[in-house]
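Some notes on the structure that comes next.
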Amino acid sequence: MSREVRKLEPSRPSCLAMTEAIGPRLSIFTGARFQLRPTDEILRNTSWGLLAFAVTLAVGGVAGSSLRLDGYGLAASLPPAYFLGLICLPLASGIQWLRGRHASTTAIVFHVVLFVLIVWLTPLLLEWTPRFRTSYVNFGYVDPVLRGVGLLPDRFIYHNWPLFPIVMAAVVGATGISPTLLMAVFPVVMMLAYLVPLGAILRTIAIHGTGAGDDSGGVRSLGQVAWPAGLWLFAVFNWTSQDYFSPQAVAYLFFITWLAVLVHVVVRRAGVLTLATTIALLGLFSLIVLTHVLTSLEVLGVLAALTAARLLRRPTMIVTCGLIFIVWQLNVAGPFFAFYADRLQTSLLDISDFVRVNLGSRVTGSPQHAQIAELRILVTGILFALAGFSVLVRLLGSGRSRSVMFGIAFLFGIAFVAPASVYGGEMLIRVLLFSLPMLAGLAVAAFGTGAYRLLLVAAIAVMAPIHILTHYGNELHDYVSPNELAGFEFVSSSLPPANIFGGYPAGNFENTALLDARNSYLSRGVLPSGLEDFLNPTLHHGWSHKDWPTYILLSRGDEAAMELFQNRPGFMSEVKSVLDRDPAFRVVYANPDVTIYSWQPRASSSPPCGPVECAVAGSRSVPSMALRR
Amino acid sequence: MSLQAVAVAVLSFAGVLPPGHDQRGVDAVAALDSLWWLGPLSLGAVVVMVLLELGKSLPPERRLRRLADRATKPLVAVALIVVLSSGYRLAEIIGFVQ
């Protein structure tokens, strides 16, 4: 007896074929028996042909493009053929799924990997510099370790959770890789790395989630070919850019790996931990605690939800993880909480503030930026709708299943922690990021329903080109030009020690132990930066080293930020014309994208603020945590 | 409260530190609060709880597993005290409680 007939065929046509055993010659659409082979061969070849067509269009499109940025980001740089190529890639996977249980998961995973390579490398091929300004700030945390200065938790926020700067300093030291190359390849490497544990999560949910029968192995069902659809959803709907060179990107890899272990425990082992899974969960959680505070909070939220739902049969695990978390925060990361106390007091668990900074204030700025923000919200809503609809179909069809209950409990745990925001307006983005693996898993739960399957493939195909808008919609600001890099180099090599106002992230990149920097385009509460901030950088900003010389930087990036986020396109030109005429400012460096002025304060320009005001102004000196995207 | 301050206090009172350090010792004692014991206790609690988790992961027939099961309630109680005390201390640092 072959392995395929170990299970009984369903007694009636089912809309939940995903995890049911299907005989070797059943059509996935009708349940009728017929010979698939000739059709299967045609579909297989068509899929490969479409893939070749898609890659040719997309790669050819990039090769024939040049960088042209506007308020919608990178989209204007790319020809229609490129976008058509992106549409055809998921369609190639869709044709594979038409083969039913004969679909090649290897081929579909290959399609996803190609999509990731094309989309994630496109900005690099057009720009030739590492994108995303906060990447440079995060290298600024690595730099003191590389230079032998060591960890300075009072000055650098992420030195309170120092695994990332230590590991990256070791990587740079051991390999000799340049910081810019490291930052340039980091996002695509991380994104590909995410797909590995994510594949394990999705496979477990799709194949093993619905009953003991599915676990007995062998039968190739639709569930076994459905899971790569989750990879597609993750790649297409992940517009968050949180894979840039950062502690949270590394912590997220730990998080998904931790989640893969947890899914295995809950779905396949009925929530019972073994020695190996215990060591894996505790070890990965400890690494997360050492890397990123918010990710560890999310883990605790998920653990609490799963324990409360009795899906994880080890109540002590949440206590142990909570203990590890709190011990680190209190005994090691204390400087952060003391430094950030004012902000935490006003924002922690404040729901109205949370909604305002995470949602309301995001849909502002230039009309194009507001449209991109609205598009992101819409796209995210579509993913939630797909997952919700899929769960509904699943629950109505077969009742509760362990994998679906796990997904719901997981999302509840993530949402529960959301108001514990310490990051200004980025928390909702991170909630989406943390939810994505499970949303993707839930969205493929009803893959066995033919109509839903078509809807899912259509949604992925439509969203694939839109991804360029949602992912790279802020590229006007996220792009760092070669001229700006030259300006950064001048700042780090010729100015220290110095206070740097503006030109973000020029003063946060290299030689950071001897540079103190303030971002000139961040609003002071509800007030945007004004000309007076440039004429007197001590007016609203506290500086740790008042004896250091102060420089004012005007850069292309600041101008883009003013235009995109504050809808003030001509403001930086106005500032430049004023500074050029003012004898207190002297140009010490200039190229088309960067102008650096030294500032000689007049006697009347001494800091007007008293100790309290200066302390409040100083509390804004948080380079990377409050950055607006 | 740092461990260094505790050490200075102890050494000063024991007469190990030279006279110049006496005032530092007094200051350190004055700075001691009711939660000074939290640092060392919490580190010990982490080690013990991790061992407890490993013990509870063993097969039921193992002696260490039975020991871990019996010790669960008292150890969790201690761990919860540490978590709550640390949370209180953190809230003090942030300024949620005075």
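What follows is calculated from the coordinates using simple rules that are stated; it is not laboratory data. Remember, it's a predicted structure, so these values are computed and weren't measured experimentally. Cβ placement follows ideal geometry from the backbone for every residue including glycine, while neighbour counts extend to all protein chains displayed.
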Mean separation of Cα contacts under 8 Å (at least 6 apart) over the residue count of region A:476-575, i.e. the relative contact order in percent, is 31
So for R0 = 45 Å, FRET eff. of residue B:91-residue A:483 from the Cβ-Cβ r, to 0.05, ends up at 0.40
Each label sits 7 Å from Cα toward the beta-carbon; between residue A:313 and residue B:37 the label points are separated, in nm, by 3.7
Computed on Cα atoms, the radius of gyration and Dmax of region B:35-98 in angstrom are 14.8, 50
Quick calc, residue A:544 & residue A:346: beta-carbon distance into FRET formula, R0 25 Å, rounding 0.05, result 0.65
Partner shielding of A:323-334, as the mean number of partner chain Cβ atoms within 10 Å, equals 6
Partner shielding of B:87-97, as the mean number of partner chain Cβ atoms within 10 Å, equals 5
Taking a ≥ b ≥ c as the square roots of the Cα gyration tensor eigenvalues, with a/c under 1.5 meaning rounded and otherwise prolate when a/b beats b/c or oblate if not, region A:100-208 comes out prolate
Taking a label point 7 Å from the Cα of residue A:42 along Cα-to-Cβ, the residues of region A:67-106 whose backbone nitrogen sits under 11 Å from it are none
On the formula 1/(1 + (r/R0)^6), with r taken between the Cβ atoms of residue A:170 and residue B:48 and R0 of 41 Å, the FRET efficiency rounded to 0.05 is 0.85
Expected integer from the mean partner chain Cβ neighbour count at 10 Å over A:265-274 is 1
Packing-ranked peptide list from A:242-252, A:172-182, highest mean Cβ count within 10 angstrom first, is A:242-252, A:172-182
Rounded to one decimal in nm, the spacing of the 7 Å Cα→Cβ label points at residue A:586 and residue A:147 is 2.4
Placing each pseudo-label 7 Å from Cα in the direction of the beta carbon, residue A:53 and residue A:332 end up separated by a distance in nanometres of 5.4
